[in-house]
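A.B. asks: Please see the structure below; I have some questions.
The numbers here are math on the coordinates, done by the rules we state, and not lab data. Given the structure is predicted, the values throughout are model-derived calculations rather than measurements.
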Amino acid sequence: MAADSNKKSDMPTFRSGYAAIFGRPNVGKSTFLNSVLGQKVSIVTPKPQTTRNRIIGIKTAHDCQIIFIDTPGIHRPRHSLGALMVKRAKEAIRDADVILLMVEAVPPTQGELHIIKLLQGVPVPVFLLINKIDMVKKPSVLPVIEAYQGLYPFREIIPISALKGDGIDIVLGKIAGLLPEGPKYYPDDLVTDQLERFMVSEIIREKIMKATEEEIPHSAAVEIIGWEEKQNGVVLISANIYVEKEGQKAIIIGKKGLRLKAVGSSARADIERLLGAKVFLELWVKVKKLWRSNKAALTELGF
């Protein structure tokens, strides 16, 4: 019996837990998650407030499983959707074993000071990830580190480039060392818990955001209304694109429908890579007035 007991104690410990990625809009949270996972699970655009839902990314190693929560950026909400996004980001703090506060490689602004205030008193370790170091000269990063050191007792301060992958392995190693002993929550080959329909709708929304300017990107929502897998392997997908005004509808459709056609073509290529199948994609643009401020509409659209 004693020998068996010793054998069990010699077995390597497996650790698992949650790491919430927190920060202002457009600091690189989704790019970081995609870099960690080695594939795209969260859409990325140059426009702020791209992420609307909490996206789960799963990184599994031989001795640990880190479940990342990519949260919407913390901002001052101007409508019900914005308030819901901020609420979801704050909720992630309660679920996390480790919090990753991501900032850019510049001195803290009022936005960062507000977020740090939200983190006061949290019972879990907080890392500061200083992102986009590839866009600044190395000597300029040190004053940024010193400025943040005086604001909060961060467990770790790690300069990274989410785009280039610099510092990612250091972050993963530090997180793994702090996770509690626990089970493997997800299979080894699973990198996200998002359903294919949600990911397809996000791909379409990403293409809309990249193809349009000003108010259009954040006024658009995508709803998958049809999904049929044919015997020949082709997947037929239909989606509604909702906007808040008739003028926005005209902009997305474009002259002679060319912009909508380009959005569909670009989205279809990414969806085919995601599904590993030939895709026929049909898009419709509809007006749902002021949907971002309408709680019934937000519920209907899955928010």
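A.B. asks: Which value in Å is the Kirkwood Rh of segment 196-300 over different Cα pairs?
C.D. replies: 14.0
A.B. asks: Rounded to a whole number, what is D in µm²/s for segment 131-223 from Stokes-Einstein with the Kirkwood radius over alpha-carbon pairs (25 °C, 0.890 mPa s)?
C.D. replies: Value of D from the Cα-based Kirkwood radius: 140 µm²/s.
A.B. asks: Take the cross-link list Lys40/Lys286; Lys29/Lys174; Lys59/Lys164; Lys230/Lys288; Lys40/Lys117; Lys255/Lys289 and give me the ones stretching past 25 Å between alpha-carbons.
C.D. replies: As for pairs spanning more than 25 Å Cα to Cα, those are Lys40/Lys286; Lys230/Lys288; Lys40/Lys117.
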